[in-house]
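Okay, structure first, notes after.
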Amino acid sequence: MNSLPLFFNLADRPVLIVGGGDIALRKADLLERAGAKITFVALQFHADILQRFSNTSRHQLKQHAYNASCLDGQSLVIVTTNDRQVNQQVFFDAESRNIPVNVVDNPDLCRFIFPAIIDRNPITVAVSSSGKSPVLARLLRAKLESVIPKQYGELAGLAGKFREKVKHTLPHLTARRQFWEQALTGNVAESIFANNPEKAEAQLQDLLQHYQENIDKNPEKLGKVYIVGAGAGDPELLTFKALRLMQQADIIFYDNLVSASILDLCRRDASKIYVGKKRSNHAVQQQNINQLLVEHAKQGKRVLRLKGGDPFIFGRGGEEAEYLVQAGVDYEIVAGITSATAAASCAGIPLTHRDYAQSVKFVTGCLKTNTINENYQDLLDDSQTVVFYMGLNALPTLTQGLISAGKSADTPIAIVSNASLPNQQVLTGTLNDIVAKQEQAKLPAPALLIMGNVVKLHQKLAWFAK
């Protein structure tokens, strides 16, 4: 983030505009809508500035050259001249007084920037490119204008009208959050969008009474655990439901395989607790994780258990769900794109193919006791693709065990590291030579092993690297 987006409250605040042309007029229009008291300083003024701002006691037009005393009493400064020397002087003078300053079209002389604005008063959406490409920001604004109905301003106004009443009626913070989420996305919002504010207000009052009578006094009713699959790492592989729940959770327990870019999509003010597991290094033991989920749900929180891949494929989601059932805690399971399918797709290795494999098997390279999975007899079918989870560190033992059990040493096998991410790497070989190749390549975990004749298609279908 190159700049921190902030919203200035300029109601009745003095703002200086140095310049009197078209650009000054455009900036003044925004400032006037925000309630600012504007002082213009310029040698000449645009006719529309004279017409709109000269005959009022609220704004001032001073027709003279800029000098440092013009900054006296100002809270914000905008410079719109095409005189580089004047622009620099205003910037340095404002800096010396710690007054925020913007010199239009001069990013190096700005302490704040004007974003592209979507105005749904009191809702304001701002889009900024940090001064790099104002045209692109404007194009993005145009897209947002088309998907944000004007009635959102009315909806925000209704929420503001009830805000203090809701705060007084529902002392429990989580109850208030869930009340507003339901009100602003359910029937109340639909009535506003249908231009029926009276009905919306009545619905909001009924919903508030329901929460007061049935939920706020019993906060444990609010608690729920969502065991959510975060996919293989690429945020674009998240499901819509996963993203929605990530934005609503009060507390998030996340695993080692949840990428930083996915975690950034979670609600900003939610508590985020790392409970990840690496080989022989568990930040929090599974039993303790189970207990944490129950404990926070019974406090009335919406708990998000965020797991890499799919929670029911080598993700211990089943164990956690069993514990929640025993504790009487409400929960949901949200499927994610498991790393096997993501790795295969991004590596250009189809898990099934009519000419190469008619079935696929997912197996773990290590068992619950951290011992190698040596059940090789079930993995010898050449018409089947086998995907090994957690098998990278056991690669020498797995390959030798498979060969000893009767699998051809020429069987193709691939290692897919960091599947779906920009740093994805794929290494192919055979059971006979993949260990030597990996010793040289040193592909890092997390990684999957894909074994079978489908690996032969990698070079032909490897679209991701291109």
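Scan the range 269-284 for residues that are modelled with pLDDT of 90 or more and out of contact with any helix residue (DSSP H, G or I) (no Cβ under 7 Å at 6 or more places or on another chain) and report the count. Show your work before the answer.
Filtering the range 269-284 down to residues modelled with pLDDT of 90 or more leaves 270-275.
Checking the rest, the ones that are also out of contact with any helix residue (DSSP H, G or I) (no Cβ under 7 Å at 6 or more places or on another chain) come to 270-271, 273-274.
Selection size over the range 269-284: 4.
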Of the residues in the range 224-238 that are of a type in the set (A, V, I, L, M, F, W, C) and under 14 Å from Tyr331 (Cβ atoms), the one that is surrounded by the most Cβ atoms within 10 Å (Cβ to Cβ) is Val228
From (1) open to solvent by less than 60 Å² (accessible area, probe 1.4 Å); (2) closer than 21 Å to Phe8 by Cβ; (3) in contact (Cβ under 8 Å) with a residue 12 or more places away in the chain; (4) not basic (Lys, Arg), pick out the condition that doesn't hold for Ser129.
-> (3)
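Yes/no matrix, rows are residues, columns are (1) open to solvent by less than 10 Å² (accessible area, probe 1.4 Å); (2) without any contact (Cβ under 8 Å) to a residue 60 or more places away in the chain:
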residue: Leu398; (1), (2): yes, yes
residue: Asn418; (1), (2): no, no
residue: Pro422; (1), (2): no, yes
residue: Ala441; (1), (2): no, yes
residue: Pro446; (1), (2): no, no
residue: Asn453; (1), (2): no, no
Only residues that are open to solvent by 40 Å² or more (accessible area, probe 1.4 Å) and within 16 Å of Gly348 (Cβ to Cβ): list them for the range 424-438, please.
-> Gln425, Val426
Out of the range 249-267, which residues are open to solvent by 10 Å² or more (accessible area, probe 1.4 Å) and within 12 Å of the chain's Cα centre (by Cα)?
-> Ser259, Ala260, Ser261, Leu263, Asp264, Leu265, Arg267
Give the residue, chosen from Glu198, Glu164, Glu213, Glu181, that is open to solvent by less than 70 Å² (accessible area, probe 1.4 Å), assigned to a helix (DSSP H, G or I) and acidic (Asp, Glu).
-> Glu181
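Considering only residues of the range 184-195 that are open to solvent by less than 80 Å² (accessible area, probe 1.4 Å) and outside any helix (DSSP H, G or I), which is modelled with the lowest pLDDT?
Start the filter on the range 184-195 by keeping residues that are open to solvent by less than 80 Å² (accessible area, probe 1.4 Å), which leaves 184, 186, 188-189, 191-194.
Applying the additional criterion that residues be outside any helix (DSSP H, G or I) yields 186, 194.
Values: Gly186: 87, Ala194: 93.
Ranking the candidates gives Gly186 first.
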Report yes if Gln85 is surrounded by 14 or more Cβ atoms within 10 Å (Cβ to Cβ) and more than 18 Å from Arg33 (Cα to Cα), otherwise no.
-> no
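Looking only at the range 102-125, filter to residues that are of a type in the set (A, V, I, L, M, F, W, C) and assigned to a loop (DSSP other than H, G, I, E, B); which one of those is nearest to Ile17 (Cα to Cα)? Give the derivation first.
Step one: of the range 102-125, the residues of a type in the set (A, V, I, L, M, F, W, C) are 103-104, 109-110, 112-114, 116-118, 123, 125.
Checking the rest, the ones that are also assigned to a loop (DSSP other than H, G, I, E, B) come to 104, 112-114.
Values: Val104: 11, Phe112: 14, Ile113: 14, Phe114: 14 Å.
Step by step, filter the range 102-125, then rank; the result is Val104.
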Flag if Gly315 is modelled with pLDDT under 95, touching a helix residue (DSSP H, G or I) at 6+ places or on another chain (Cβ under 9 Å) and open to solvent by less than 20 Å² (accessible area, probe 1.4 Å) | no
First in the range 148-163 and polar (S, T, N, Q), second anywhere and open to solvent by less than 50 Å² (accessible area, probe 1.4 Å) and not in a loop (DSSP other than H, G, I, E, B), Cβ under 7 Å, 6 or more apart | Gln151/Ile192
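Just to be sure, is Gly20 part of a loop (DSSP other than H, G, I, E, B) and in contact with a His (Cβ under 7 Å, 6 or more places away or on another chain)?
yes
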(1) surrounded by fewer than 21 Cβ atoms within 10 Å (Cβ to Cβ); (2) over 30 Å from Leu245 (Cα atoms) all hold for Glu332 apart from (2)
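Within the range 23-36, how many residues turn out to be outside any helix (DSSP H, G or I) and surrounded by fewer than 20 Cβ atoms within 10 Å (Cβ to Cβ)? Walk me through how you get there before you give the answer.
Restricting attention to the range 23-36, the residues satisfying the condition of being outside any helix (DSSP H, G or I) are 34-36.
Remaining after also requiring surrounded by fewer than 20 Cβ atoms within 10 Å (Cβ to Cβ): 34-35.
Qualifying residue count, the range 23-36: 2.
Yes/no matrix, rows are residues, columns are (1) modelled with pLDDT under 95; (2) part of a loop (DSSP other than H, G, I, E, B):
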{"residue": "Glu322", "(1), (2)": "no, no"}
{"residue": "Gln326", "(1), (2)": "no, no"}
{"residue": "Glu332", "(1), (2)": "no, no"}
{"residue": "Ile349", "(1), (2)": "no, yes"}
{"residue": "Thr397", "(1), (2)": "yes, no"}
Could you please let me know if Asp355 is surrounded by fewer than 14 Cβ atoms within 10 Å (Cβ to Cβ) and farther than 30 Å from Gly318 by Cα?
-> yes
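Would you tally the residues in the range 400-416 being part of a helix (DSSP H, G or I) and open to solvent by less than 10 Å² (accessible area, probe 1.4 Å)? Talk me through it step by step, then tell me what you get.
The first filter runs over the range 400-416 and keeps only residues part of a helix (DSSP H, G or I), leaving 400-405.
Checking which are open to solvent by less than 10 Å² (accessible area, probe 1.4 Å) leaves us with 402.
The number of residues fulfilling the criteria is 1.
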Taking the range 48-63 only, how many residues are open to solvent by less than 70 Å² (accessible area, probe 1.4 Å), within 15 Å of Ala24 (Cβ to Cβ) and over 44 Å from the mean Cα position of the chain (by Cα)?
-> 2
Could you say which residue among Ala24, Ala34, Ala11 is touching a Leu at 6+ places or on another chain (Cβ under 6 Å) and aliphatic (A, V, I, L, M)?
-> Ala34
Name the one entry in Leu457, Leu431, Leu443 that is under 28 Å from Val258 (Cα atoms) and not charged (D, E, K, R).
-> Leu443
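In the set Lys221, Lys241, Lys301, which member is touching a residue at least 40 places away in the same chain (Cβ under 8 Å), surrounded by fewer than 20 Cβ atoms within 10 Å (Cβ to Cβ), over 30 Å from Ala343 (Cβ atoms) and of a type outside the set (Gly, Ala, Ser)? Step through it out loud before you land on a result.
On the way: Lys241 fails: over 30 Å from Ala343 (Cβ atoms); Lys301 fails: surrounded by fewer than 20 Cβ atoms within 10 Å (Cβ to Cβ).
Answer to the selection: Lys221.
The values are calculated or read from the model by the stated rules, or taken from the named source; none is laboratory data. Values in this document were obtained by computation on a predicted structure and should not be read as measured data. Using ideal geometry, Cβ is built from the backbone for each residue, glycine included, and neighbour counts are taken over all protein chains shown. To get the accessible areas, we keep the full protein, side chains included, count just its heavy atoms, and leave off ligands, DNA and RNA. Shrake-Rupley method; radii C 1.70, N 1.55, O 1.52, S 1.80 Å.
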